[in-house]
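Structure first, commentary second.
Please treat every number below as a calculation from the coordinates, not as lab data. Predicted model only: the values in this text are computed from it and were never measured. Note that we place each Cβ from the backbone using ideal geometry, even for glycine, and neighbour counts take in every protein chain shown.
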Amino acid sequence: MAYRVGVMGAAGFAGAELVRLLASHPSFELVVITSNADAGEPFSSVYPAYKGVTDLTFAAHDDSGRDCNWGRIAAALGKCGVAFDQDDVSIDIMGMPVCREGLTVAFDEDEALRRFENTEITIWADLGAGTGSATVWTCDLAHDYVSINGDYRS
């Protein structure tokens with residue numbers, strides 16, 4: 001079984017080399033590559049020297065904390081200590097399906113950004129591993145929040 005992986009910020013020589021290494025590795029299946037500068041362009045058009053490495057097209061990404069990057073959520077789930085098959089995972093962010101059976105679901109980016117304006121963000125994940133459930137509440141850990149509170153001394 002190959003692990004499905006993606007490369008966020010796959011631009012430049014280092015990004016192209018990482019794509020090449022992952023695409024040719026027998027334990028990985030490269031499923032997404034992102035680059036805001038090259039969004040919409042095929043990898044082989046941006047990097048002709050890497051022709052034949054992958055037929056993927058660059059997707060855009062938003063690393064400001066307001067994106068539906070379900071891969072980060074799935075990575076956290078992988079550390080939860082519960083055995084599950086990544087092919088069974090489904091994730092919704094604010095009621096919007098973003099992952100089904102371990103694969104990206106097409107969604108409206110503008111609608112996702114609108115939903116991120118809410119003060120409460122709801123993430124639902126189904127591991128497909130049984131009937132158990134859990135609810136977790138956490139606080140805003142945006143960069144400014146961490147910086148302000150990290151400098152606080154009592």
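Structure data summary
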{"read-out": "Contact order normalised by residue count of the range 1-61, Cα under 8 Å, 6+ apart, percent", "value": "34"}
{"read-out": "Ascending count of other beta-carbon atoms within 10 Å, so fewest first, for T34, T131", "value": "T131, T34"}
{"read-out": "Inter-probe distance in nm under a simple model that places probes 7 Å from Cα toward Cβ, at R72 and A37", "value": "2.2"}
{"read-out": "The range 18-34 - phi-based ³J(HN,Hα) in whole Hz, Karplus 6.51/-1.76/1.60, Gly and Pro as x", "value": "5, 4, 4, 4, 5, 5, 9, 7, x, 8, 10, 10, 6, 10, 8, 9, 10"}
